[in-house]
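Undergrad: Encoded as structure tokens, here's the structure I'll be asking about.
The values are calculated or read from the model by the stated rules, or taken from the named source; none is laboratory data. Values in this document were obtained by computation on a predicted structure and should not be read as measured data. Cβ atoms come from the backbone with ideal geometry, glycine included; neighbour counts cover every protein chain shown. For the accessible areas, the whole protein counts, side chains as well, though only heavy atoms, and no ligand, DNA or RNA atoms are used. Shrake-Rupley method; radii C 1.70, N 1.55, O 1.52, S 1.80 Å.
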Amino acid sequence: MDWVREIDELHEYFEAYFLGTTSSLDRLEAALAPGFTMTSPDGSVSGRAEIVRMVADGHAHTSSLRIETTDHHLVVETGQVTVASYIETHHLAERRNDRRTTVVFERSAEAPNGLRWLHAQETWIS
């Protein structure tokens, strides 16, 4: 399924970027739609430029991060839009944090895996 592959590959990119094994923002910029928004677990909403800046600022900030995505579920898929949810887990040294994420994709031939991220919403899981 292309939407599962896109979720997994973007998070593999995030892991590599934050570990410092890649330094290009090209993958992220290709994935996010111009109007991309993200609602963080604290309820704050960030636009595309702010997300790209936050990721850029986190380059090589850790040596222990591992990110995994599990429990992928398709919510709805139409000819142009896909809505999916998944669990995202960040493993850092001796701690971890989990969040449930819902993402809205639009189909785009130019985007990685043919999907561009329109919106993401994260909710902490204890």
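Undergrad: Suppose the filter is within 26 Å of Met1 (Cβ to Cβ), of a type outside the set (Asp, Glu) and either at pLDDT 95 or above or part of a strand (DSSP E or B) (or both); does Met54 pass it?
TA: Numbers: within 26 Å of Met1 (Cβ to Cβ): no; of a type outside the set (Asp, Glu): yes; either at pLDDT 95 or above or part of a strand (DSSP E or B) (or both): yes.
Taking the combined requirement at face value, the residue does not satisfy it.
Matching residues to (1) in a strand (DSSP E or B); (2) surrounded by 12 or more Cβ atoms within 10 Å (Cβ to Cβ); (3) on the phi > 0 side of the Ramachandran plot; (4) not β-branched (Val, Ile, Thr):
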site	(1), (2), (3), (4)
Asp42	no, no, no, yes
His61	no, no, no, yes
Ile67	yes, yes, no, no
Val83	yes, yes, no, no
Tyr86	yes, yes, no, yes
Arg96	yes, no, no, yes
Val104	yes, yes, no, no
Glu110	no, no, no, yes
Thr123	yes, yes, no, no
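Undergrad: Quick check on my filter: what residues within segment 13-51 are farther than 16 Å from Gln121 by Cα and β-branched (Val, Ile, Thr)?
TA: Thr21, Thr22
Undergrad: Right, something else. Looking at this structure, is Leu74 at pLDDT below 95 and not basic (Lys, Arg)? Outline the logic, then answer.
TA: Details: at pLDDT below 95: no; not basic (Lys, Arg): yes.
Answer is no for this residue.
Undergrad: Among the residues of segment 20-33, write down those that are in contact with a strand residue (DSSP E or B) (Cβ under 9 Å, 6 or more places away or on another chain) and open to solvent by 30 Å² or more (accessible area, probe 1.4 Å). It would help to see each step written out before you state the result.
TA: Quick first cut of segment 20-33, residues in contact with a strand residue (DSSP E or B) (Cβ under 9 Å, 6 or more places away or on another chain) only: 30-33.
Across segment 20-33, the qualifying residue is only Ala30.
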